[in-house]
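The values are calculated or read from the model by the stated rules, or taken from the named source; none is laboratory data. As the structure is a computational prediction, the values presented were derived from the model and not from experiment. So basically every Cβ, Gly included, is an ideal-geometry build from the backbone, and we count neighbours across all protein chains shown. These accessible areas exclude ligands, DNA and RNA; they are computed on the full protein's heavy atoms, side chains included. Shrake-Rupley method; radii C 1.70, N 1.55, O 1.52, S 1.80 Å.
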Amino acid sequence: MSDNLETLRQNDPAIYAALKGEEDRQREGIELIPSENYTFPEVLATLGSVFTNKYSEGYPGRRYYGGQEYTDEIETLARERAKLVFKCEHANVQPLSGSAMNQAVYLGLLEPGDTIMAMDLSHGGHLTHGAPVSHMGKLFNFVRYVTNPGDGSIDYDKVRKDALASKPKLVLCGYTSYPRDIDYAAFKDIADEVGALTMTDASHFGGLVAGGAMKNPFDFGFDLMTTTTHKSLRGPRGGMVLCTKSLASKIDKSVFPGLQGGPHMNAVAAIAITLLKAQTDDFRNYARQVLLNAKALAQTFLEADVSLVTGGTDNHMLVVETSSSFGLDGRQAEEVLDEVNITTNKQIIPDDPNPPLRPSGIRMGTPAATARGMLEEDMRQLGAWILKCLKNSQDKNLLGEIRGEVKKFCERFPVPGI
Ligand SMILES: Cc1ncc(COP(=O)(O)O)c(C=O)c1O
């Protein structure tokens, strides 16, 4: 045990015990929440390093505090690596979270009341894409597009018509719960026709773009891409705004001093480390395997006649319609799987008649399981357990047996960093 953890154990046993409990939970269970991952050991070490002590308001070479020789170096490295990995002209690595990075874009490039086109929440868009309960949803005029029933495709003719009618200043694609890829060329054409900026929120699949397994919006002439750094990218919690040179100054001013004060330099250092990892063959193989694993898991459900939103997956996630397939709402399904150490999250499905805390589905994804080295055959095993549990949710003996099997299975797959 490190000296620092031993000090924690002695001085705050309650927090120490919770930390150890969480380590066991992560080690002995299978993490299928698509927005979660196991970060790299180097990232864990850096997050707990002396960089957390430092205030660095401003940007490299232009700070409001002294003592910046090392923080300037790590932030410059993080920015340069981000530009290389995502093939873009400018990178701001300071946003404290995914929500802040999106707010920085809207507030930095638009005026309150301006129109933004984005995907509807129940069809896969994120809260920060203008959900009425969010502050951004109140400040800007969001026009929402939806997906077609059945295959869940986006009707680009309809998006175009709506764009011509509403004249958005920003066309936003990207999602938090949509298992398909995006037609960037179609969005770009529409945006160009109405003179709007183009933005992708790649928070979920940023790591898959970095690893070359999914398309890069900058290859289609997009103006902006935002991404969290802690999901498929496997870095620390944080966000990045990537953009063209022409937007760089507005974006930087919007992040600081517009929205935030001092960046979290321990996270910035960890983002730099993550972006070096993202350039390796190991990472490219990881990104490819995430997609193969998602396909294998989806196939297991499809073969059992389980309904999946959009009928399958092209990315790292799938959304299982539990109400129609098993007679369990999303909360019940999540709780049954929690009992066997398989972690998923309840999820609203397109036009869900049920409320968000009792929605009609659950969402699953493969980034974390793949980070432990699981492959397609392991996904088939996982899928078989999940089917058994959801079909026999009242059978406590069976759930107990499966929990034991899951724990044993997990011993074969060490968690990075624990
Ligand atoms: C697409 C998308 N954008 C933004 C966010 C917000 O990120 P954070 O939770 O770090 O604020 C998320 C988080 O789930 C997301 O999925």
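Report, by residue number, each residue of segment 164-196 that is of a type in the set (Gly, Ala, Ser), within 28 Å of Val319 (Cα to Cα), buried (at least 22 other Cβ atoms within 10 Å of the Cβ) and out of contact with any His (no Cβ under 8 Å at 6 or more places or on another chain).
Listed by number, the list holds a single entry, Ser177.
If you go through segment 161-168 one residue at a time, do you hit one that is touching a residue at least 12 places away in the same chain (Cβ under 8 Å) and either basic (Lys, Arg) or outside the structural domain of Asn102 (by TED's automatic domain parsing) (or both)? Looking through segment 161-168, at least one residue is touching a residue at least 12 places away in the same chain (Cβ under 8 Å) and either basic (Lys, Arg) or outside the structural domain of Asn102 (by TED's automatic domain parsing) (or both). Screening Asn92 on (1) under 17 Å from the mean Cα position of the chain (by Cα); (2) more than 13 Å from the ligand (Cβ to nearest atom); (3) modelled with pLDDT of 95 or more shows it passes everything except condition (1).
Considering segment 66-90, the residues that are part of a helix (DSSP H, G or I) and farther than 25 Å from Asp219 by Cβ include one that is most open to solvent (accessible area, probe 1.4 Å), namely Tyr70. Taken over segment 226-259, the criterion of being within 13 Å of the ligand (Cβ to nearest atom) and either in the same structural domain as Thr370 (by TED's automatic domain parsing) or surrounded by fewer than 24 Cβ atoms within 10 Å (Cβ to Cβ) (or both) is satisfied by Pro236, Arg237, Leu259.
Evaluate the following for Glu31: is it touching a strand residue (DSSP E or B) at 6+ places or on another chain (Cβ under 6 Å) and either within 22 Å of Thr344 (Cβ to Cβ) or of a type in the set (S, T, N, Q) (or both)? Taking the combined requirement at face value, the residue satisfies it. Take segment 27-50 and flag every residue that is touching a Ser or Thr at 6+ places or on another chain (Cβ under 9 Å) and open to solvent by 50 Å² or more (accessible area, probe 1.4 Å). Answer for segment 27-50, where residues must be touching a Ser or Thr at 6+ places or on another chain (Cβ under 9 Å) and open to solvent by 50 Å² or more (accessible area, probe 1.4 Å): Glu36, Glu42, Leu47, Gly48.
Would you please name the residue that is farthest from Ala287 (Cα to Cα), looking only at residues in segment 197-224 that are of a type in the set (Ser, Thr, Tyr) and surrounded by 24 or more Cβ atoms within 10 Å (Cβ to Cβ)?
Looking at the filtered set, the residue picked out is Thr200.
Tallying residues that are of a type outside the set (Asp, Glu), over 18 Å from the mean Cα position of the chain (by Cα), open to solvent by less than 40 Å² (accessible area, probe 1.4 Å) and under 19 Å from Gly125 (Cβ atoms) within segment 352-388 yields 3.
Evaluate the following for Val159: is it more than 15 Å from the ligand (Cβ to nearest atom), more than 24 Å from the chain's Cα centre (by Cα) and β-branched (Val, Ile, Thr)?
On the way: more than 15 Å from the ligand (Cβ to nearest atom): yes; more than 24 Å from the chain's Cα centre (by Cα): yes; β-branched (Val, Ile, Thr): yes.
Yes.
Put simply, of Arg160, Arg180, Arg144 the only residue that is touching a helix residue (DSSP H, G or I) at 6+ places or on another chain (Cβ under 9 Å), part of a helix (DSSP H, G or I) and among the charged types (D, E, K, R) is Arg160. If you go through segment 99-115 and keep only what is over 21 Å from the mean Cα position of the chain (by Cα) and at negative phi, you end up with Leu107, Gly108, Leu109, Leu110, Glu111, Pro112, Asp114, Thr115.
Looking at Ala118, Ala104, Ala131, Ala100, just one residue is in a loop (DSSP other than H, G, I, E, B), open to solvent by less than 20 Å² (accessible area, probe 1.4 Å) and within 15 Å of the ligand (Cβ to nearest atom), and that residue is Ala131. Annotation: of all residues in segment 272-301 being under 17 Å from the mean Cα position of the chain (by Cα) and hydrophobic (A, V, I, L, M, F, W, C), the one that is surrounded by the most Cβ atoms within 10 Å (Cβ to Cβ) is Val290. Among residues of segment 190-207 that are assigned by TED's automatic domain parsing to the domain that holds Pro367, none has a beta-carbon under 9 Å from a residue that is of a type in the set (Asp, Glu) at least six positions away or on a different chain.
Within segment 1-26, the residues that satisfy the criterion of being at pLDDT 95 or above and open to solvent by 100 Å² or more (accessible area, probe 1.4 Å) are Arg9, Gln10, Asn11, Arg25.
Of the residues making up segment 166-183, those that are over 20 Å from Arg288 (Cα atoms) and within 16 Å of the ligand (Cβ to nearest atom) are Leu170, Val171, Leu172, Cys173.
Taken over segment 200-225, residues that are within 11 Å of the ligand (Cβ to nearest atom) and over 15 Å from Thr176 (Cβ atoms) amount to 0. Here Ser56 clears all of (1) under 24 Å from Arg284 (Cα atoms); (2) assigned by TED's automatic domain parsing to the domain that holds Thr244; (3) polar (S, T, N, Q) except the condition numbered (1).
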